[in-house]
Every structure is written in structure tokens, then in C-alpha cells.
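Undergrad: Quick one: this structure, given as C-alpha cells, is what I'll be asking you about.
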Amino acid sequence: MNTYEEAVEWIHARLRLGIKPGLERMKHLLDALDNPQDKIKSVHIGGTNGKGSTVTFLRNILQEAGYTIGTFTSPYFERFNERISLNGHPIPDEELLSLVALIKPIAEGMKDSEWGEPSEFEVITAMSMMYFAEIKPDFVLYEVGLGGRLDSTNVITPLVSVITSIGMDHMQFLGDTIEEISYEKAGIIKQGVPVVSGATQREAKEVLMRTAAERGSKFYQAGRDFGAQRLMVLERGERFQFQSQTNEGTYEITMMGEHQVQNAALALKTVECLRDLNEISYTETHLQTGLKSAFWPGRMEMVNVNPTVILDGAHNPEGIRALVKSIHERFPTDKVTILFSALKDKELKNMISLLEEPASSIVFTTFSFPRAAGSDELLSLSNHPRKGEASDWKRYIEDKLDGMEENETLFITGSLYFLSEVKPYLVEKLENSRKNK
């Protein structure tokens, strides 16, 4: 394997092995790599929605306080390397190539073992652990891929475990009730490791609290032990009041939506936990500046003004509800056009009916991904009087940008995999259009 492209192709080829819940195979792989996960100081972030945003709030605060921060997130938005980053900078191509060269023979050598070959996500998780064990950042923020208990990231023993929210997603793997899904998410709670929870449902809180008690872990629940109250909707962001037993302050973020206020509160409580463990020190300025500079692509991301185009990776019912709330708050008088595409294993009917409510018109499309739902299937699930189908999303966007009305806003939403294809195309299109004016 000589090139970066070949390395990424080898990783992606492992998708055919599917999702493989369970930790035995992962432990065997890491054992062969000299257990790099044991050489890393980490924070583990699970939950249904808000993981990526909470990671970015945390990373920015800690960086402002002078720490070097590794992050492991998914999916990537524009380039594969983003999944493994240091201080927000994706892993260099040559580093990724050398990691694949190390891991490939070990992964392929497991083919005939009792566990079989590792999946794509397991390989990427192991690569991140090798990379961070080598370059030794102060802390690594590990985002759970799927669930928690059996997720390949769950081989770490973090300093703090964070569970952002609990919602109905990935039910084919995690269960059909809030209690069952909460049990899987609670799997990242480790013996004696403090837990910060943003769960809102009574059933979810009970499961998480019980698990923390069984494992002797301090449990901090949003709304009880700490909380945030939105004070003002800003033109680009939010102002809010945060309160905990040891801190009270007013903060601003540039990410839009009430849900981002709650994610920021989780980050503030998590840094308090790290401070209480004598792992870090920080000032009020670090908190203020860190939160304000945080940005996470594809979350109510305004990529253009006049015409207004917003990208939002709302890919499950909870995410759609947050998007709909933001539309009502920020664009109450606009004509709202929605372009939507999603994966076929999602709660499509429920998601579409939620989206129809604020939409003046809704258009369904598909994209190049093995699990993408067809545009015709999405269209058939809609009851909107002004619904449409776009078999070619690029042509639709091009035509739409040319013909948008003055107070019309285009929301492009659904799968993050879809948005990761749309954004580079859209940014290039908008830049070319500005140059030609």
C-alpha cells in the first residue's frame, strides 16, 4: 500500500463487514497493538444527539486553557481525516498511511480467528488510539459511534463520561424503548468515573442514575445539578445563563438553537469535573472565549445569506424537532423550502411528518450511499400539498439558487453523509457565483 488513497480505500472496503457490536474483537486487536488505549487520558461522549457539538465546545474551552486536545468523531464532513484530529487539525495523510500499514496485516490476520476481521469503525477507532498514544495530547475526546455498551470506543476508561441526550435512533441495534436505549448508552459509565447527563426523559434519567449508583460514579444531571437558561436569540447564536453548584455566568455561542445551549452546558459541567479531579485549571475568560469560538459543521450552519441557505444534519426525530423549533424561532415569516434525504433504516415517516409542518414546500432526493433511501420512497411517505422529488440534487440546488424569492430560506437537511456530499459542492457553487457577479 503506497498511497493515501489506497489506505482510505482499504478502510472503506471494511464497510462490507457491516456493524459488529461487541468488544472482544476490539480488545484482541488492541492487544496485538500493545494496548494504546491505556496510554491516553480521555473523556467519553455518548448520546443520541449533540455529541459532536458537545465535543467541539469542550475542545475549544480546553484549547483556550492551553491544553492540546485530540478528538475522535464521526462521520467526517468533508474529508475522512477529520475523524482523527489534533486541536481541530485532521490527521496528516502520511500519518494515516503509516497507521494503515501497521494495522492492515493484524486486521487481515484475524480473518480466521473466532472473532473474525474488525469492521471499518473498529479499525478507525484502533488507528486513533495508536495515533494519540504516539503523539500524546493532554486529553482525547472520544465520541461514541453507536450506542455505548458494545461500541468499539468503550475500551477506554475515561476521566469523565458524558451522555448528551437519549432518543429513538438505531433501534435495530439498541432496542425499541427509551429504557432499552438508555441501558446501551449507560454502558459507557465506568466504575468510579463521574458522569454528566443531559437526558430529559424520566425513564432515561432513572436508568442512567441507577447505573451510576451501581458503579460508584458521581452523577450530575442537567436540570438538577446544573443547567442553562437561554436569555436571548442572537443574530448568529445564543446568549444563556449557566448555573451549577460552583459556577454562575452568562455566555454566548455562535451555534444556533436552544439545543446548542444545552450542549454548551454539558461542556461547562464536564470541565468543572475535570477541574475537580485536579486534571485542569482554567479561567472565566477561557470558558467565554472557548464557547464563543466553537463551530461544528452541518448544525444550523448558514452557508449563504441572500439567498439564505442553511445545512442541518437532523437525522432522527429528536434532531428534526430541534430543527423545526429553530425554524419557528428564527424564520417565522420566511417561505421555508426543505431539501431532505436520509438513510433507509431511519424513522422516515415520523421524520417527514415533523418536517412538513414548518415547510412551505418539501423536496426529496437521494445520494450515493449504500443505505440511502430512494427519493421516490421518501416522496411516497409525504402528505405535504407542495411536495416534490429531485433525482439529481446537484441540479436541483443549482436551479433553486437561481430562482429563490427574497424572503425564502432553503434548508438542506437529513443524513450527515448526505450533507458531507452537499457542502463542498455548494460552497464551490456559491463562490463561483460570487466571482461571476
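Every number here is computed from the coordinates shown, using simple stated rules; none is lab data. Just so it is clear, the structure is predicted and the values come from calculations on it, not from any experiment. Note: ideal-geometry Cβ built from the backbone for every residue, glycine included; neighbour counts use all protein chains shown.
Undergrad: Please state the shape class of region 301-435: rounded when a/c is under 1.5, otherwise prolate if a/b exceeds b/c and oblate if not, all from the C-alpha gyration tensor.
TA: oblate
Undergrad: I've got another one for you. Rounded if a/c is under 1.5, else prolate if a/b is larger than b/c, else oblate: which is region 1-142, with a ≥ b ≥ c the root eigenvalues of its Cα gyration tensor?
TA: prolate
Undergrad: May I ask you to order 183-195, 282-294 by the average number of other C-beta atoms within 10 Å around their residues, highest value first?
TA: 183-195, 282-294
Undergrad: Given a Förster distance of 35 angstrom, what is the FRET efficiency for Ala32 paired with Arg371, based on the Cβ-Cβ distance and rounded to 0.05?
TA: 0.70
Undergrad: Let me ask something additional. For the chain, what proportion of DSSP beta bridges, expressed in % and rounded to the nearest 5, is antiparallel?
TA: Around 35 percent antiparallel, to the nearest 5.
Undergrad: Express the relative contact order of region 274-335 as a whole percentage, based on alpha carbon pairs under 8 Å and six or more residues apart in sequence.
TA: 16
Undergrad: Follow-up question, since we're still on this one. How high is the relative contact order of region 282-374, in percent, with contacts defined as C-alpha pairs under 8 Å that are six or more residues apart?
TA: Taking the mean separation of contacting Cα pairs over the length of region 282-374, I get 23 percent.
Undergrad: Moving on. Using DSSP H assignments, which helices in the chain have an axial alpha-carbon span of 27 Å or above and a mean Kyte-Doolittle hydropathy of -1.0 or higher?
TA: 258-276, 416-435
Undergrad: Would you mind pulling out the separation of the Cα centroids of region 383-431 and region 253-321, in Å?
TA: The distance from the Cα centre of region 383-431 to that of region 253-321 comes to 25 Å.
Undergrad: Magnitude of the Cβ-charge dipole of region 301-435, K/R +1 and D/E -1, about the Cα centre, nearest 20 debye?
TA: The calculation lands at about 140 debye.
Undergrad: Something else about it: Connecting C-alpha atoms closer than 10 Å in a GNM of the chain, tell me which of Glu235, Glu377, Glu421 has the biggest fluctuation.
TA: Per the Cα network of the chain with a 10 Å cutoff, Glu235 tops the list.
Undergrad: Can you give the local net charge around Ser375? Use residues other than it whose beta-carbon is closer than 14 angstrom to its beta-carbon, Lys and Arg +1, Asp and Glu -1.
TA: Once positives and negatives cancel, what remains is 0.
Undergrad: Pick from Thr333, Thr54, Thr177: which is most flexible by mean-square fluctuation in a GNM of the chain where alpha carbon atoms under 10 Å apart are linked?
TA: In this elastic network of the chain, the residue with the biggest mean-square fluctuation among Thr333, Thr54, Thr177 is Thr333.
Undergrad: Which of the following values of Cα extents along the principal axes in Å was calculated from the structure shown: [x] 76, 41, 38; [y] 58, 53, 45; [z] 67, 46, 39?
TA: [y]
Undergrad: Now for a separate question. Relative contact order for region 301-435: what is it in percent, counting Cα pairs under 8 Å that are at least 6 residues apart?
TA: So the answer I get is 34 percent.
Undergrad: Using Cα positions and a limit of under 17 Å, work out the aspartates and glutamates in reach of Lys435, with same-chain residues fewer than 8 apart set aside.
TA: List returned: Glu398, Asp402.
Undergrad: For a quick check, take a GNM of the chain with Cα springs below 10 Å and name the residue from Asn278, Asn60, Asn49 with the largest mean-square fluctuation.
TA: Residue with maximal mean-square fluctuation among Asn278, Asn60, Asn49: Asn278.
Undergrad: Can you sort Val155, Val43, Val309 from fewest to most other Cβ atoms within 10 Å of each residue's own Cβ?
TA: Val155, Val309, Val43
Undergrad: If packing is taken as the mean number of other Cβ atoms within 10 Å per residue, what is the order of 390-401, 258-269, 321-332, highest first?
TA: 258-269, 321-332, 390-401
Undergrad: According to the square roots a ≥ b ≥ c of the eigenvalues of the Cα gyration tensor, what is the shape class of region 246-319, taking rounded for a/c under 1.5, prolate for a/b larger than b/c otherwise, and oblate for the remainder?
TA: Here region 246-319 falls in the prolate category.
Undergrad: Mind giving me the nanometre distance, one decimal, between the label points for Arg16 and Met232, set 7 Å out from Cα along Cα→Cβ?
TA: 5.8
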